[in-house]
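Below is one structure, written out as structure tokens; comments come after it.
Laboratory data are not the source of any read-out in this text; all were calculated from the coordinates shown. Just so it is clear, the structure is predicted and the values come from calculations on it, not from any experiment. All Cβ positions, even for glycine, are placed from backbone atoms using ideal geometry, and neighbour counts span all protein chains on display.
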Amino acid sequence: MKRDLVSIFSLSQDEIDHLMEMATVLKAKQKEGVSHTPLKGKTLGLIFEKASTRTRVSFEVGMYQLGGYALFLDFKDMQLSRGETVPDTARVFSRYVDGVMARTFSHETIEELARHATIPVINGLSDLLHPCQILSDIFTVTEKMGGYGGLKVAYVGDGNNVANSWINCAARLNFHLRLACPEGYGPDPSLLERARRESATEIQLVHDPYQAVSGTDVIYTDVWASMGKEDEHADRLRDFRDYQVNSRLVKAAKAGVLVMHCLPAHRGEEITDDVMDGTHSIVWDQAENRLHVQKAILEWLMG
């Protein structure tokens, strides 16, 4: 039976822990220069409707290091852009490659690919969710803190796909999550309601960023205008001006708080230079770990 990675909520805690253990082993092997090629002879199709740096590089390099091959496909150059259906594309891909990673606007595109493909489908990002990012982030937190038991995370900013995936992750792993978002910019209400209903953890939505970061282990932020929202940039600069992660906000959290950003960052907007490049920041470790966790995902689904 094939497995997909569409949402963190579709994974069990045991499966997430297994991916974390795999990523730890794979990272150690790479650091030691040990060859590990379980995907030799296998091919991953990469569908990109949205621009990418870390997702593309980590999946391409990850497949190469695991012995396989990654095939980059720009959405605008595919027949999907000319009206071919997603189910037909999924059926054809299932005859050509061993797995698909898609980075799209519509979450329904990912779900349709997964429904109709007979090979594993990975959600590389949709407007609703960004599961690979948050799996990498929780791996980074686990590295730094020795685990996620009792973890308290504050997400400050736009209630976007990253915030939604933090909600799913908190629900699955039962750590505390507070989200501070301006009025009208909260996360998906149905995901929040499901997480609160089906998990034992505390997930709070507040409007005061200082309330959110009080006593937390991690402060997390993202751009205020995600891809596809660029025409709202001026309005969002106004509406989010009190949600900047700066030194004053960091001082309101625990003394050893970790600061994270999924990148790309708009320095001087959602985060200041002194915080992003400061002693609390683990942004670059977080970015590196996309590679190791992506490799774990690939081996788990395609190995």
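Using the Cα centre of the chain as origin and beta-carbon charges of +1 (Lys, Arg) and -1 (Asp, Glu), tell me which of LEU249, GLY157, LEU80 is placed farthest towards the positive end of the dipole.
LEU80
So which residue, out of ARG238, ARG54, ARG103, gets the largest mean-square fluctuation from a GNM of the chain using Cα contacts under 10 Å as springs?
Answer for the Gaussian network model of the chain: ARG238.
Among the lysines, select those whose C-alpha is under 16 Å from the C-alpha of LYS40, and discard any that sit fewer than 8 residues away in the same chain.
Those lysines meeting the cut-off are LYS295.
Decide, for the chain, between rounded, prolate and oblate: order the square roots of the alpha carbon gyration tensor eigenvalues as a ≥ b ≥ c, take rounded if a/c falls under 1.5, and otherwise choose prolate if a/b is larger than b/c, else oblate.
The shape class here is prolate.
With a ≥ b ≥ c the root eigenvalues of the C-alpha gyration tensor of the range 162-277, is it rounded (a/c under 1.5), prolate (a/b larger than b/c) or oblate?
Cα axes put the range 162-277 in the oblate bin.
How large is the helix-only mean residue ellipticity at 222 nm for the chain, computed as the sum of -39500 (n - 2.57) over DSSP H runs with n ≥ 4, divided by its residue count, in deg cm²/dmol to the nearest 500? Each step should come with its number before you reach the end.
Details: 12 runs with 132 residues, N = 303.
My calculation for the chain gives -13000 deg cm²/dmol from helical runs alone.
Among LEU205, VAL283, MET227, which residue has its Cα furthest toward the positive end of the charge dipole of the range 133-286, with +1 on Lys/Arg Cβ and -1 on Asp/Glu Cβ?
LEU205
Of ALA255, ALA114, ALA70, which is the most mobile in a GNM of the chain whose springs link Cα atoms less than 10 angstrom apart?
It is ALA255.
Which whole-number percent gives the relative contact order of the range 133-286, counting Cα pairs below 8 Å spaced six or more residues apart?
24 percent
So how strong a dipole does the chain carry about its Cα centre when Lys and Arg Cβ are +1 and Asp and Glu Cβ are -1, to the nearest 20 debye?
Dipole of the chain, to the nearest 20 debye: 720 debye.
For a quick check: sort SER226, SER10 by the number of other beta carbons within 10 angstrom, fewest at the front.
Working: SER226 18, SER10 15.
So the ranking, lowest neighbour count to highest, is SER10, SER226.
Across the range 133-286, how many lysine pairs, 8 or more apart or on two chains, come within less than 26 Å at their alpha-carbon atoms? Show your work: numbers first, answer last.
Details: LYS144/LYS152; LYS144/LYS251; LYS144/LYS254; LYS152/LYS251; LYS152/LYS254.
So the count of such lysine pairs works out to 5.
Can you tell me which of GLN79, GLN204, GLN65 moves the most in a GNM of the chain? Springs connect C-alpha atoms under 10 Å apart.
Among GLN79, GLN204, GLN65, the largest GNM mean-square fluctuation belongs to GLN79.
Where in the range 265-303 is the amide nitrogen less than 17 Å from a point lying 7 Å along the Cα-to-Cβ axis of MET1?
Hits in the range 265-303 for MET1 at 17 Å: 301-302.
GluC sites (Glu not before Pro), restricted to the range 78-123: which are DSSP loop and have at most 14 other Cβ atoms within 10 Å?
Sparse-neighbourhood loop GluC sites (Glu not before Pro): GLU84.
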